[in-house]
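Reviewing the structure listed below.
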Amino acid sequence: MLNEWEEFLAYTEQPIYKAVTKRDTLYMGRFTMGMLLDFEGLARVLTIIARGYLFHGCDGSLVESSRNRIEYARRALCAWCSVPDKEKASPKEGWQYEADFRDLSSEFPELVDEHGTGWFCRHAHSIARFLKENPEKVTKSAYDKADTIERKFDGAWRKKVVQFQVPLFSPGTNGAWILRFDDVLADALELGPLRSHETALPEAVLEQIDKLKPDKVPGKAVCTLIAYYLDNKPGDSDWVVLPVTNFDAYFGSTMFSKKWLPAIPETLIVRERERIGVARYRCGAGIAGR
């Protein structure tokens, strides 16, 4: 969550599908079942991808004239989101109404193949296949979701991909209160290049964390939360948006949102109520000013 270039690679390179124990979720990559089945937390994922293609070359180096790459980044988002359509029709008034972007496979071979299977679609079905082939290495609750992914993912995701392309000023009401590629690209331009470093917390802050955190909450979770806050705090507010679902994916467990986060005292962080996988938070009195 702190090294954003590393996060970008997790969303664009070939994942590793394996598990050592039933509690090991390495095969999920930086995703949770909620992200696969309910598409939670994808705003951050898409924004990280857009920033990668807007501001960086394939080796992570910065590129010039990022504003001239907006359409390039949009095409990358389409490729990543692509869903194969066996009866792919000819474009209707432009390709923004499609969900199968196999035509972009030559430009973004890492994101979509010649059959129209985008990175996310391929990852979802690869997870389902791993679950079915390795029942002894996964939890029963995860195993039971494999059939649901195989049967329902493509249809549900296709509808979301079409929604992503609704024009920002669409007169229709169907486009209200949805995530759009336009929103993602606007956020990407505002946030700028991806960070490729991790913030080192001062020794005084580490001592306070060790003193104030509950024993049942891992120190890494609290340190990451506070470092993320310091990295993302805007100049005009004490509050930072906390992508709870993405933190779950980063730690590989919903233990973060269900057990650890609620247990952290307000002396460390003050958090508002979570809504749709996100919340606002700020450092508590035990950390502020250090």
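Please state which one of 40, 4 is modelled with pLDDT of 95 or more, under 16 Å from residue 250 (Cβ atoms) and among the acidic types (Asp, Glu). Talk me through it step by step, then tell me what you get.
Numbers: 40 fails: modelled with pLDDT of 95 or more.
Going through 40, 4 in turn, just one is modelled with pLDDT of 95 or more, under 16 Å from residue 250 (Cβ atoms) and among the acidic types (Asp, Glu): 4.
Looking at the range 250-261, which of its residues are under 17 Å from residue 11 (Cβ atoms) and either among the aromatic types (Phe, Trp, Tyr) or at pLDDT 95 or above (or both)? Reasoning before the result, please.
Residues of the range 250-261 that are under 17 Å from residue 11 (Cβ atoms), as a first pass: 250-252.
The answer is 250, 251.
I'd like the full set of residues that are polar (S, T, N, Q) and touching a Ser or Thr at 6+ places or on another chain (Cβ under 9 Å), limited to the range 1-24.
Answer for the range 1-24, where residues must be polar (S, T, N, Q) and touching a Ser or Thr at 6+ places or on another chain (Cβ under 9 Å): just 3.
Given the criteria closer than 19 Å to residue 6 by Cβ, of a type in the set (A, V, I, L, M, F, W, C) and either crowded, with 20+ Cβ neighbours inside 10 Å or without any contact (Cβ under 8 Å) to a residue 60 or more places away in the chain (or both), does residue 263 qualify?
Working: closer than 19 Å to residue 6 by Cβ: no; of a type in the set (A, V, I, L, M, F, W, C): yes; either crowded, with 20+ Cβ neighbours inside 10 Å or without any contact (Cβ under 8 Å) to a residue 60 or more places away in the chain (or both): yes.
No; evaluated as a whole, the condition is false for this residue.
Restricting attention to the range 262-283, and to residues there that are modelled with pLDDT of 90 or more, charged (D, E, K, R) and outside any loop (DSSP other than H, G, I, E, B), which single residue is nearest to the chain's Cα centre (by Cα)?
The residue in question is 280.
Which of the residues belonging to the range 124-136 are of a type outside the set (Gly, Ala, Ser) and buried (at least 18 other Cβ atoms within 10 Å of the Cβ)?
Passing the criteria: 127, 130, 131.
Within the bounds of the range 219-230, is there any residue that is loosely packed, with under 15 Cβ neighbours inside 10 Å and either polar (S, T, N, Q) or within 20 Å of residue 281 (Cβ to Cβ) (or both)?
Step one: filter the range 219-230 for residues loosely packed, with under 15 Cβ neighbours inside 10 Å, giving 219-220.
Then keep just the ones that are either polar (S, T, N, Q) or within 20 Å of residue 281 (Cβ to Cβ) (or both); that gives 219-220.
For the range 219-230, residues loosely packed, with under 15 Cβ neighbours inside 10 Å and either polar (S, T, N, Q) or within 20 Å of residue 281 (Cβ to Cβ) (or both): present.
For the range 233-252, name all the residues that are in contact with a helix residue (DSSP H, G or I) (Cβ under 9 Å, 6 or more places away or on another chain) and not β-branched (Val, Ile, Thr).
Scanning the range 233-252 gives 242, 243, 246, 247, 248, 249, 250, 251, 252.
Pull out all pairs, ordered by first then second residue, where Cβ-Cβ is under 9 Å, the residues are six or more apart or on different chains, the first lies in the range 131-158 and is within 25 Å of residue 20 (Cβ to Cβ), and the second is of a type in the set (Asp, Glu) and at pLDDT below 95.
What qualifies is 137/24; 138/24.
Hey, among the residues in the range 99-123 that are part of a helix (DSSP H, G or I) and either in contact (Cβ under 8 Å) with a residue 12 or more places away in the chain or among the hydroxyl-bearing types (Ser, Thr, Tyr) (or both), which one's surrounded by the most Cβ atoms within 10 Å (Cβ to Cβ)?
So the residue we want is 120.
Considering only the range 267-289, state which residues are of a type outside the set (A, V, I, L, M, F, W, C), surrounded by 13 or more Cβ atoms within 10 Å (Cβ to Cβ) and out of contact with any Ser or Thr (no Cβ under 8 Å at 6 or more places or on another chain).
Selection gives 267, 271, 280, 281, 282.
Which condition number does residue 181 fail, the rest of (1) surrounded by fewer than 16 Cβ atoms within 10 Å (Cβ to Cβ); (2) within 30 Å of residue 59 (Cα to Cα); (3) assigned by TED's automatic domain parsing to the domain that holds residue 73 being met?
(1)
The values are calculated or read from the model by the stated rules, or taken from the named source; none is laboratory data. All of these numbers come straight from a predicted model, not from anything done at the bench. Every residue, glycine as well, gets a Cβ built from its backbone with ideal geometry; the counts of neighbours run over all protein chains shown.
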